[in-house]
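**Student:** Quick one: this structure, given as structure tokens, is what I'll be asking you about.
Computed from the coordinates by the stated procedures, all read-outs in this text should not be read as laboratory data. Note that the structure is predicted; figures quoted are calculated from it, not measured. Cβ coordinates were reconstructed from backbone atoms using ideal geometry, including for glycine residues, and neighbour counts include every protein chain displayed.
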Amino acid sequence: MIDKGMPDAGMPDATGPAGRPVGRRIVLAMLGLGAAGVALGPAVRSGLGEVRASLSRVAPAVVPDDRGFRYFSVVGSVPRKDATTYRLTVGGLVDRPATYTLDQLAALPQTTVVHDAVCTDGWQVDAVPFTGVLLRDLLDAAGVRDEGAAVRFTCFDGAYSESLTLEQARRSDVVVALRMFDEPVPHDSGGPVRLFVAPMYFYKSAKWLSGIEVTSQVQQGYWEDYGYPVDGWLPGEEPVGA
Amino acid sequence: MPERVLRFSPAERAVHRATGLLFLVCLLTAVALYVAPVAQLVGRRLLVETVHEWSGLLLPVPALLGLWSGPFRADLRRLDRFTAQDRRWLAGLRSPDPHRGRLAGKFNAGQKLWASWLAGAVLVMLGTGLLLWFKFGLGFVPRAGVVLVHDAGAYALAVVVAGHVLKALADPEARRGMRTGSVRRSWAAREHGLWLDQKPKSPIPPPPYDGGSSSPSAPHASQAADDAA
């Protein structure tokens with residue numbers, strides 16, 4: 001038999017005073033703690049990174065050394081490409097379309113660009129060295145026609161795309177990267193070849209790069225279709241007068 | 001059949017069920033977004049991110065809707081207020097005798113602390129989550145700090161909610177209370193004696209079957225109602 005009783009609504013459990021409102025103080029304290037964490041976060045972050053790095057040296061299986069990178073992909077699974085299967089095509093509004101193998105790219109003059117990789121999700125990895133072929137070298141080799149004004153990038157994950165204006169693409173800190181931290185770019189970081197657009201948010205640096213196409217105007221990339229800025233300059237990196 | 005007492009109203013159980021479900025969706029999508037091996041397996045960032053954002057935004061909604069319910073509001077007041085008995089209950093944790101001083105009302109001191117911590121943590125996650133949602137145009141907010149708090153909060157919440165689930169797994173009658181709404185009187189007497197003391201001493205008798213000619217309520221039942229009011 002169920003005892004319906006009377007709801008003792010609002011009554012303190014114990015006889016006597018209703019007790020102190022500790023619960024709401026705890027809620028407020030949590031909010032304060034959260035705000036303090038947000039304010040102190042940038043200082044704490046580097047310390048945590050060192051802790052994580054040392055942990056991954058002790059137990060690499062438990063704490064993988066991701067150097068602070070987080071794995072993002074817009075598709076379910078990405079095919080793996082290596083020196084024998086990888087191809088990079090350069091085409092569109094150019095005089096000399098070309099297809100490069102990994103070895104051919106590695107034989108071209110290599111440049112290292114060191115810059116923070118900053119994700120729109122809030123994480124960042126400081127001073128990442130990316131090494132590869134300057135994008136403008138590939139464009140010059142292909143011979144951009146007069147009507148070419150922008151560059152579109154496609155990826156062998158089958159979905160991702162990005163774009164830059166021709167002016168942005170010719171910058172000396174935009175590199176088609178083969179190496180990261182002086183090692184081949186790993187698959188999870190967009191290897192064997194990815195773009196690195198140093199002065200912009202990391203979503204502009206397309207992973208698993210497979211196609212470079214010169215176009216007459218900027219074609220929005222994957223995330224830009226969902227509201228991201230087409231010119232994804234990092235704060236303070238936008239060229240004056242741009 | 002053992003005598004049972006009402007513990008949770010249908011509204012409270014619905015709030016609990018909806019909140020639990022939303023939390024599970026939040027947790028699973030969070031794992032798929034940020035635990036590298038799972039993220040590599042799942043990918044599909046736009047879909048997972050959207051589900052995570054909306055389940056997170058909706059997480060406090062069942063409790064807000066629950067404010068329409070009197071029993072739910074009453075339980076919020078109980079969870080908020082700490083009495084001298086709650087301090088004795090906490091002191092009893094350190095005692096070698098596990099039952100000394102462990103008298104509790106509808107919620108014991110541990111449950112009150114847990115619920116308050118959870119409410120605060122969910123609000124912090126909601127706030128930092130919204131800051132992360134708006135990726136651009138919030139230059140004055142240190143994003144590294146927001147990520148740090150949201151990450152640390154996620155780990156802490158996972159641990160604390162796992163504790164909640166383990167405690168429930170260890171106590172079938174507590175689970176039955178949340179599932180069916182009622183608990184065995186003997187369980188209530190052992191775990192929440194002060195609460196049971198405030199409920200009527202005897203069950204309300206069934207409605208009379210003699211044609212309805214008797215008085216509308218039995219005297220001892222209305223007496224019990226006066227006691228509880």
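**Student:** Three principal axis extents, largest first, for the C-alpha atoms of the range B:104-186, in Å?
**Tutor:** Projected onto the principal axes, the Cα atoms of the range B:104-186 cover 58, 21, 20 Å.
**Student:** Name the most mobile residue of A:Ala39, A:Ala206, A:Ala107, meaning the one with the largest mean-square fluctuation, in a Gaussian network model of chain A with Cα contacts below 10 Å.
**Tutor:** A:Ala39
**Student:** Further question: Take every residue in peptide A:42-49, count the Cβ atoms of other chains within 10 Å of its Cβ, and give the average of those counts. Numbers along the way, then the final one.
**Tutor:** Working: counts 6, 4, 5, 5, 1, 0, 3, 0.
Across A:42-49, the average partner-chain Cβ count within 10 Å equals 3.
**Student:** Which order, highest average first, do A:24-32, A:229-237, A:42-50 follow once you tally other Cβ atoms within 10 Å for each residue and take the mean per peptide?
**Tutor:** On the way: A:24-32: 16.3, A:229-237: 14.8, A:42-50: 13.1.
Averaged packing, sorted descending, gives the order A:24-32, A:229-237, A:42-50.
**Student:** Specify which residue in the list A:Ser189, A:Leu139, A:Val218 is farthest towards the positive end of the charge dipole of the protein assembly as shown, using unit charges on the beta carbon of Lys, Arg (+1) and Asp, Glu (-1), about the Cα centre.
**Tutor:** Selected residue: A:Ser189.
**Student:** Moving to a separate point now. Quick query: amide H of A:Thr215 versus all other amide H atoms, modeled in the peptide plane; which residues come in under 5 Å with a sequence gap of 5 or more or a different chain?
**Tutor:** Answer set, sorted by chain and number: A:Leu93, A:Ala149, A:Ala150, A:Val151, A:Arg152.
**Student:** Only Lys, Arg, Asp and Glu count, each charged at its Cβ (+1, +1, -1, -1), so figure out the dipole size of the range A:177-225 about its Cα centre, rounded to 20 debye.
**Tutor:** 80
**Student:** Here's something else I'd like to know. Determine by what factor the alpha-carbon radius of gyration of the range B:1-47 differs from 2.2 N^0.38 Å, reporting the quotient. Walk me through the numbers before you get to the answer.
**Tutor:** Numbers: Rg = 17.9 Å, N = 47, 2.2 N^0.38 = 9.5 Å.
In units of the 2.2 N^0.38 Å rule of thumb, it is 1.89.
**Student:** Given H placed 1.01 Å from N in the peptide plane, which residues other than close sequence neighbours of A:Tyr160 have an amide H under 5 Å from its amide H?
**Tutor:** The answer is A:Cys155.
**Student:** In Å and on Cα atoms, what radius of gyration and Dmax does chain A show?
**Tutor:** 25.4, 90
**Student:** Measure nothing fancy, just the Cα-based angle from helix A:22-58's long axis to the longest principal axis of chain A, in degrees from 0 to 90, nearest 10.
**Tutor:** Compared with the principal axis, the helix lies near 40 degrees.
**Student:** Hey, another quick one. With a point put 7 Å past each Cα toward its Cβ, work out how far B:Leu93 is from B:Val165 in nm, to one decimal.
**Tutor:** Here the modelled spin labels are 2.2 nm apart.
**Student:** With θ set to phi - 60° and the Karplus curve 6.51 cos²θ - 1.76 cosθ + 1.60, what are the ³J(HN,Hα) couplings of the range B:123-131 in order, to the nearest whole Hz, using x for Gly and Pro?
**Tutor:** Those phi angles translate into 5, 5, 5, 5, x, 5, x, 5, 4 Hz.
**Student:** Under 18 Å Cα to Cα from B:Lys167, which aspartates and glutamates show up? Leave out anything in the same chain fewer than 8 places away.
**Tutor:** B:Glu191
**Student:** Let me ask something else. Name the most mobile residue of A:Val22, A:Val75, A:Val174, meaning the one with the largest mean-square fluctuation, in a Gaussian network model of chain A with Cα contacts below 10 Å.
**Tutor:** Residue with maximal mean-square fluctuation among A:Val22, A:Val75, A:Val174: A:Val22.
**Student:** If you don't mind, there's one more thing I want to ask. Could you give the size of the charge dipole of the protein assembly as shown about its Cα centre, using +1 on the Cβ of each K and R and -1 on the Cβ of each D and E, expressed in debye and rounded to the nearest 20? Can you show the working numbers first?
**Tutor:** Values: 50 positive and 45 negative charges, 474 e Å.
That gives the protein assembly as shown a dipole magnitude of about 2280 debye.
**Student:** Charges at C-beta only: +1 for Lys and Arg, -1 for Asp and Glu. How large is the resulting dipole of chain A about its Cα centre, in Debye rounded to 20?
**Tutor:** Working: 22 positive and 29 negative charges, 114 e Å.
Here chain A has a charge dipole of around 540 debye.
**Student:** Could you pull the Rg and Dmax for the range A:20-65, using just the Cα atoms, both in Å?
**Tutor:** Here Rg and the maximum Cα pair distance are 16.4, 49 Å.
**Student:** For the protein assembly as shown, what are Rg and Dmax over the alpha carbons, in angstrom?
**Tutor:** Gyration radius and largest Cα-Cα distance of the protein assembly as shown: 30.6, 103 Å.
**Student:** Right, something else. In nm², what is the average projected area of the convex hull enclosing the Cα atoms of the range B:68-127?
**Tutor:** Numbers: hull surface 20.0 nm².
Seen from a random direction, the Cα hull of the range B:68-127 projects 5.0 nm² on average.
**Student:** Taking +1 at the Cβ of each Lys and Arg and -1 at the Cβ of each Asp and Glu, which of B:Leu123, B:Gly66, B:Phe82 sits farthest along the dipole of the range B:1-157 towards its positive end, judged by Cα position relative to the Cα centre?
**Tutor:** Positive-end residue among those listed: B:Phe82.
**Student:** Okay, moving on. Considering only A:Pro42, A:Ile26, A:Ser56, whose Cα is most displaced toward the positive end of the charge dipole of the range A:20-65, charges sitting on Cβ of Lys, Arg (+1) and Asp, Glu (-1)?
**Tutor:** A:Ile26
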